[in-house]
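First up is the structure itself, then whatever we jot down about it.
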Amino acid sequence: MSSITARLTRASLMEVMEKEYILAARARGFDEYTIVLRHALKNALLPVVTFAGMQLGYLLGGAVIVETIFSWPGIGKLLVDSIFARDFSMVQGCVLFIAVLFSLSSLAVDILYAVLDPRIRYDMYD
């Protein structure tokens with residue numbers, strides 16, 4: 001997962017470094033370190049944040065398989081054991097917990113969008 005994230009960050013950063021506002025920042029005399037960190041990286045992180053948010057959902061689904069195979073105690077093992085024991089209230093609770101975690105990760109991604117990109121605003125009265 002980290003190698004894909006690094007490749008996505010690099011590709012996105014290379015694409016952003018060709019934009020006109022990077023050229024304008026260079027013309028204003030900023031050093032390359034400031035240009036990359038303050039101007040380019042903020043805009044290049046939007047696809048990376050999206051990818052990381054999606055990966056969190058995949059990790060939650062993978063926890064069920066990994067915890068069952070290796071008999072590690074956790075929410076995934078509890079879910080599988082509850083399914084085999086036909087404890088439907090526990091199954092519903094585990095699925096609800098995983099769904100809430102996934103929803104909270106999506107909310108965190110949306111909030112990070114607004115933090116990283118000032119063009120994105122979430123006004124209720126707009």
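The values are calculated or read from the model by the stated rules, or taken from the named source; none is laboratory data. Small disclaimer: the values here were computed from a predicted structure and weren't measured. In this analysis, Cβ positions are derived from the backbone assuming ideal geometry, glycine residues included, and neighbour counts consider all displayed protein chains. Side chains are part of the model used for accessible areas, which takes the heavy atoms of the whole protein and leaves out ligands, DNA and RNA. Shrake-Rupley method; radii C 1.70, N 1.55, O 1.52, S 1.80 Å.
Taking 8 Å as the Cα distance limit and 6 or more residues as the minimum spacing, I'd like the relative contact order of segment 1-93 as a percentage. Before the final figure, lay out the partial values.
Numbers: 51 pairs, mean separation 19.4, N = 93.
Here the relative contact order equals 21 percent.
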With a point put 7 Å past each Cα toward its Cβ, work out how far residue 95 is from residue 38 in nm, to one decimal.
5.1 nm
Do any GluC sites (Glu not before Pro) in segment 1-83 lie in a loop, going by DSSP, with at most 11 other beta-carbon atoms within 10 Å of their beta carbon, and if so which?
18
With Cα springs under 10 Å, the Gaussian network model of the chain assigns the largest mean-square fluctuation among 63, 24, 99 to 24
Surface accessible to a 1.4 Å probe, residue 35 within the full protein complex, Å²
0 Å²
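Kindly report the accessible area of the chain per residue (heavy atoms of protein chains, probe 1.4 Å, no ligands, DNA or RNA), in Å². List each step's numbers first, then the result.
Values: 9070 Å² over 126 residues.
That works out to 72 Å² per residue.
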Add -39500 (n - 2.57) for each DSSP H run of 4 or more in the chain, then divide by its residues: what number comes out at 222 nm, to the nearest 500 deg cm²/dmol?
-25000 deg cm²/dmol
Reported to the nearest 10 Å², residue 120 has, with a 1.4 Å probe, an accessible area equal to 50 Å²
Reviewing [x] 1.01; [y] 1.17; [z] 1.04, the figure for Rg/Rh (Cα atoms, Kirkwood Rh) actually calculated from this model sits under [y]
